[in-house]
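To start, the structure under review is shown below, and the notes come after it.
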Amino acid sequence: MIPSRLFPRLVLTALVLLAGLAGASCSKSAAPDATAPAAKAKIVIGLSLDTLKEERWQHDRDIFKAEAEKLGAEVVILSANSDDTQQVRDVETLISKGVNVLVIVPHNGSAMDRAVKDANDAKIPVISYDRLILNANIDYYLSFDNVKVGEAQGTYVKDHLPADHVAQVVRIYGAPTDNNAKLFKQGQDNILNPLIAAGKIKVVHEDWATDWKPDVAKNIMNAAITKAGHAIDIVVASNDGTAGGAIQALSEEKIDGKVLVTGQDAELAACQRIMNGTQAMTIYKPLKTLATQAAQIAVAIGQGHPPAIADTLDNGMKKVPSIFVPVVAVDKGNMLATVVADGFHTAADLK
Ligand code: BGC
């Protein structure tokens, strides 16, 4: 049976073919070439993004689109500006446009089950991209190993503790609506909790940054400074955006560069801060690998060849076939050998 979502394109293709045949019948060489391959309907992929505010999502979008188009597909992109209702509406719009495959970066991993249900009803496969959609019948999940991201941030801290006193630490977590933010914290906890228990570090302040907003992170940092004064050694910021907010607060107190600040994403501004000494490290996540694979899988599914993937992750409803791309911790010492060598930023950009 032909899935209903293919109807508009099949009808269009049939019309194009009929028009071609009608035109041909007016000419002398009327016989259609029986050996010519049948025209294939173009695969259309709907990409629903939470936000495009952080630099990384612009890279994800551009790489995904370029790869899908290279493979002959079309990509329709909508961004929800961190609004759950808007994102559910975006997915419904994409479904009504008759896309063949949906790729979703959820703002809220728990709020997208309704949108996925609509996609299931329309028999449109769904790929959850970077962030997991919980308790929903999704087909694939592609991400990085997010617990390892948190562990790499924690390990960096562990390797750079002050030698002569108990480290005073501020922890800034990501958006509580983002499943990844919880996994980053889990990874950080794996490394930091034993150090807390051993009395090597003391968490002087901690909080979650709504929607990963840098200005919320700045407020968290201000609250930490109000509480602990300038006696802060380390800020475990969960990504580069929140690191930027925290560093802004530190800079207003003229203690930026004196406090070790972590991050994630290898955003250009963060890599520049690492080179000039106000941020200590970031996590490089090769977006090219993730976005390219996601586009390839989306096109394959659209063409009716869903790939078999052995690795799975339970999203609360099912074991979802999953791919996890490895990540690298980056500081000043290996910036050139990682981020620059991979072509993510140029050495000139980092000056
Ligand atoms: C992503 C991070 C990103 C954050 C904020 C997370 O889900 O994994 O790379 O910094 O969202 O957009």
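Observations on the structure shown:
- In Hz, Karplus ³J(HN,Hα) per residue of the stretch 237-242 (6.51, -1.76, 1.60; θ = phi - 60°; x = Gly, Pro): 8, 7, 8, 5, x, 6
- Low-density loop cleavage sites - trypsin sites (Lys or Arg not before Pro) in the stretch 57-108, where at most 15 other Cβ are within 10 Å (DSSP): Lys97
- Of the GluC sites (Glu not before Pro) found in the stretch 60-152, not one falls in a DSSP loop while having at most 12 other beta-carbon atoms within 10 Å.
- With Cα atoms defining each centre, the stretch 98-133 and the stretch 283-319 are spaced 13 Å apart in the structure.
- Legend: calculated FRET efficiency, Thr85 to Lys332, from the Cβ-Cβ distance at R0 = 56 Å, rounded to 0.05, equals 0.85.
- Residue-span extension gain [Ala231 to Glu253] - 0.36 nm each, minus C-alpha spacing: 6.7 nm
- Judged by the mean number of other Cβ atoms found within 10 Å, the most tightly packed of the peptides 193-199, 294-300 leads the ranking 294-300, 193-199.
- Each DSSP beta bridge with both residues in the chain is either parallel or antiparallel, and the antiparallel ones are about 20%.
- Tilt relative to the chain, helix 84-96 - C-alpha long axis, 0 to 90 degrees, to 10: 20
- Loop trypsin sites (Lys or Arg not before Pro), the stretch 283-344, which have at most 16 other Cβ atoms in a 10 Å radius of their Cβ (DSSP): Lys318
- Listed residues Tyr156, Pro106, Pro194: farthest to the positive end of the dipole of the stretch 106-226 (Cβ charges): Pro194
- Local electrostatic count at Ser251 - Lys and Arg +1, Asp and Glu -1, tallied over other residues with Cβ under 11 Å: +1
- Ranked by the mean number of other Cβ atoms within 10 Å per residue, highest first, peptides 205-215, 251-261, 157-167 order as 205-215, 251-261, 157-167.
- Theoretical ellipticity at 222 nm over the chain - DSSP helices of four or more residues, -39500 (n - 2.57) apiece, nearest 500: -13500 deg cm²/dmol
Since every read-out is calculated from the coordinates, none of them should be taken as a lab result. In this text, all values refer to a predicted model and were calculated from it rather than measured experimentally. Because the Cβ atoms are built from the backbone with ideal geometry, glycine has one as well, and the counts that use them run over all protein chains shown.
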